[in-house]
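The values are calculated or read from the model by the stated rules, or taken from the named source; none is laboratory data. Quantities reported herein were computed from a predicted structural model and do not represent experimental measurements. Reconstructed Cβ throughout: ideal geometry from the backbone, glycine too, with neighbour counts over all protein chains shown. Each accessible area value is taken on the protein alone, full model and side chains, heavy atoms only, with ligands, DNA and RNA left out. Shrake-Rupley method; radii C 1.70, N 1.55, O 1.52, S 1.80 Å.
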Amino acid sequence: MTNVKVRFAPSPTGKLHVGNVRTALVNFLYARAAGGQFMLRIDDTDDERSTAAFERAIRADLSWLGLAWDCEDRQSSRLERYTQALQTLVASGRAYPCYETQDELGLKRKSQLMAGRPPVYDRSSLSLTAEQIAAYEAEGRRPHYRFRLQDVEVAWTDLVRGPASYHMSSLSDPVLLREDGRVIYTLASVVDDIDHGITTVLRGEDHVTNSAAQIQLFEALGATAPQMGHLALLSGADGEGLSKRLGSLSIEQLRDEGFEPLALCSLLAKIGTSDPIAAFGSLDDIIASFQISKFGRSTARFSPDELSQINARILQTFDYAAAKERLDAAGLGDIDEGFWAVVRGNISSVGEAGKWWNICTQPVTPLKEDAEVMAAAIELLPDGEINAESWGVLTKAISAQTGKKGRALFMPLRQAITGESAGPDMAALLPYIGRDRVLARLAGNQA
Ligand code: GLU
């Protein structure tokens with residue numbers, strides 16, 4: 001085992017969606033490919049919005065995806081450590097108390113913007129006298145604390161973006177502790193990363209600014225910042241920002257819609273990389289092909305259609321034993337081994353097997369177009385129960401009688417017998433539909 005240690009740090013204030021699962025997956029793959037550790041850290045300092053139910057759902061989603069974590073911790077159990085760290089920073093002059101209210105800060109920002117200046121906090125609390133502070137305290141004001149940034153350019157070699165830098169003069173000193181005593185993520189995350197020995201922080205590019213300030217915070221706390229990598233954000237298939245529907249597509253929803261965890265992992269591991277998108281046979285195969293340097297800076301396109309295609313390819317590889325659990329869970333326990341073999345090549349989710357099962361076992365309204373073919377089919381359907389040979393015998397006989405072949409022969413039959421224009425092999429499907437239904441549908445009746 002190497003000393004590589006990464007973490008996925010969800011806030012249990014909502015369900016996991018494709019965007020944050022991609023971050024979890026990339027961290028997991030990075031750890032596994034390096035023989036390192038993958039940590040789950042629950043960022044639950046926001047006790048108003050964090051819930052045990054969301055946390056359970058996050059764990060269930062990660063487990064379902066196969067992203068097993070090696071160790072875990074939670075921020076709510078480490079509040080004392082954050083207070084200690086803040087005290088260290090105050091003692092060294094890198095953190096300072098501020099007394100502005102939200103309204104006062106809002107007014108300041110407004111007048112800065114009106115004067116054409118960037119709305120950067122002016123550090124006026126740094127020059128408060130002891131009397132002014134005493135007066136605020138007497139009013140009942142409690143301080144919030146800010147981290148004093150050094151006005152320099154912070155540079156790092158980003159694992160995804162390459163050489164990166166950010167000038168601190170465009171940033172406000174970040175708040176570390178709110179007036180109600182709640183620690184802000186900016187500080188908590190750095191203290192955790194130090195204490196947990198995190199070597200590499202991989203997260204979305206929306207954290208770049210955070211990272212720049214946090215690099216100074218690591219150093220102010222006497223630590224060396226971990227390696228940083230910022231993944232390009234996801235966009236919809238059309239190249240637009242991930243639409244509201246896609247962005248909020250929860251993993252739970254995708255699971256309920258019958259998507260395979262491996263389909264999701266296959267796609268999310270490869271979008272935005274120089275590798276082709278593929279349906280992988282296992283997480284181990286994905287790990288073997290993983291390299292963080294393959295991730296690019298341009299937005300990664302997430303397409304539900306592509307997910308369906310990968311899902312279809314993965315289902316095709318499922319034997320009945322693998323499918324059975326999914327079929328049972330989807331309420332499709334009646335589907336037998338033979339039927340699974342017939343439909344698995346034509347479905348993009350397990351639920352769709354149910355559609356074909358219903359077509360065979362429930363009334364269907366035929367699409368009836370070619371009266372000549374229908375009349376011939378009714379006349380020429382071989383006697384007795386339909387078996388695997390019946391379709392071949394029937395279509396040969398109709399062709400001989402009507403002269404029709406190819407699409408002109410097969411399409412009207414398929415449409416009449418299944419009510420659909422495409423689907424699994426008719427020869428294999430026919431025995432499941434049965435003689436009575438086949439005849440009735442050929443006659444144009446719902447059956
Ligand atoms: N809880 C933070 C988030 O969900 C974690 C960010 C990080 O990885 O540091 O955005």
### Query
Just one of E385, E372 is in a helix (DSSP H, G or I) and of a type in the set (D, E, K, R); which is it?
E372
## Note on the structure
Of the residues in region 217-228 that are touching a helix residue (DSSP H, G or I) at 6+ places or on another chain (Cβ under 7 Å) and open to solvent by 10 Å² or more (accessible area, probe 1.4 Å), the one that is nearest to I292 (Cα to Cα) is P226
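Hey, among D43, D61, D70, which residue is closer than 22 Å to D195 by Cβ and within 16 Å of the ligand (Cβ to nearest atom)? Spell out the reasoning first.
Values: D61 fails: closer than 22 Å to D195 by Cβ; D70 fails: within 16 Å of the ligand (Cβ to nearest atom).
The match here is D43.
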### Selection count, region 395-447, where residues are in contact with a Gly (Cβ under 9 Å, 6 or more places away or on another chain), open to solvent by less than 60 Å² (accessible area, probe 1.4 Å) and in contact (Cβ under 8 Å) with a residue 24 or more places away in the chain
8
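Condition first: aliphatic (A, V, I, L, M) and out of contact with any strand residue (DSSP E or B) (no Cβ under 7 Å at 6 or more places or on another chain). Now tell me which residues in region 6-50 satisfy that.
Step one: list which residues in region 6-50 are aliphatic (A, V, I, L, M), which gives 6, 9, 16, 18, 21, 24-26, 29, 31, 33-34, 39-40, 42.
Listed by number, the residues that qualify are V21, L25, L29, A33, A34.
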#### Entry: Test for D151: is it within 16 Å of the ligand (Cβ to nearest atom), open to solvent by 60 Å² or more (accessible area, probe 1.4 Å) and of a type in the set (D, E, K, R)
no
### Query
Taking region 183-216, which residues are buried (at least 20 other Cβ atoms within 10 Å of the Cβ) and assigned to a strand (DSSP E or B)?
V183, T200, V201, L202, R203
### Task
Would you please list the contacts, defined by Cβ atoms under 6 Å and residues six or more apart or on different chains, that run from a residue in region 186-203 that is under 16 Å from I42 (Cβ atoms) to a residue that is more than 12 Å from the ligand (Cβ to nearest atom) and open to solvent by less than 20 Å² (accessible area, probe 1.4 Å)?
A188/Y82; V191/Y82; V191/A85
### Message
Condition (residue is assigned to a loop (DSSP other than H, G, I, E, B), of a type outside the set (S, T, N, Q) and within 30 Å of V26 (Cα to Cα)) applied to region 330-337: is it met by at least one residue?
### Response
yes
### Message
Quick check on my filter: what residues within region 115-125 are assigned to a loop (DSSP other than H, G, I, E, B) and surrounded by 14 or more Cβ atoms within 10 Å (Cβ to Cβ)?
### Response
P119, V120, Y121, D122, R123
### Task
Identify the single condition in (1) among the acidic types (D, E); (2) closer than 29 Å to S298 by Cβ; (3) within 14 Å of the ligand (Cβ to nearest atom) that D192 does not satisfy, given that it satisfies every other one.
(2)
### Message
Six or more apart or on different chains, Cβ atoms under 9 Å: show the pairs whose first residue is in region 359-375 and open to solvent by 50 Å² or more (accessible area, probe 1.4 Å) and whose second is among the hydroxyl-bearing types (S, T, Y) and assigned to a helix (DSSP H, G or I).
### Response
L367/T418; E372/T402
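Suppose we filter G423, G392, G354 for residues that are within 29 Å of A322 (Cα to Cα), of a type in the set (G, A, S) and in contact with a helix residue (DSSP H, G or I) (Cβ under 7 Å, 6 or more places away or on another chain); which single one remains? Walk me through it before giving the result.
Values: G392 fails: within 29 Å of A322 (Cα to Cα); G354 fails: in contact with a helix residue (DSSP H, G or I) (Cβ under 7 Å, 6 or more places away or on another chain).
The conditions single out G423.
If a residue has to be within 14 Å of the ligand (Cβ to nearest atom) and either under 17 Å from D193 (Cα atoms) or surrounded by fewer than 20 Cβ atoms within 10 Å (Cβ to Cβ) (or both) to count, how many in region 1-30 make the cut?
Here is the first cut: in region 1-30, the residues within 14 Å of the ligand (Cβ to nearest atom) are 5-17, 19-28, 30.
Among the residues that remain, those that are also either under 17 Å from D193 (Cα atoms) or surrounded by fewer than 20 Cβ atoms within 10 Å (Cβ to Cβ) (or both) are: 5-11, 13-15, 23-24, 27-28, 30.
Number satisfying all stated conditions: 15.
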### Query
Out of region 126-154, which residues are under 25 Å from S211 (Cβ atoms) and either β-branched (V, I, T) or in a helix (DSSP H, G or I) (or both)?
L126, V152, V154
### Summary
Here the qualifying pairs (Cβ atoms under 7 Å; residues six or more apart or on different chains; first in region 1-15 and within 18 Å of L62 (Cα to Cα) and part of a loop (DSSP other than H, G, I, E, B); second open to solvent by 30 Å² or more (accessible area, probe 1.4 Å) and within 9 Å of the ligand (Cβ to nearest atom)) come out as P10/N20
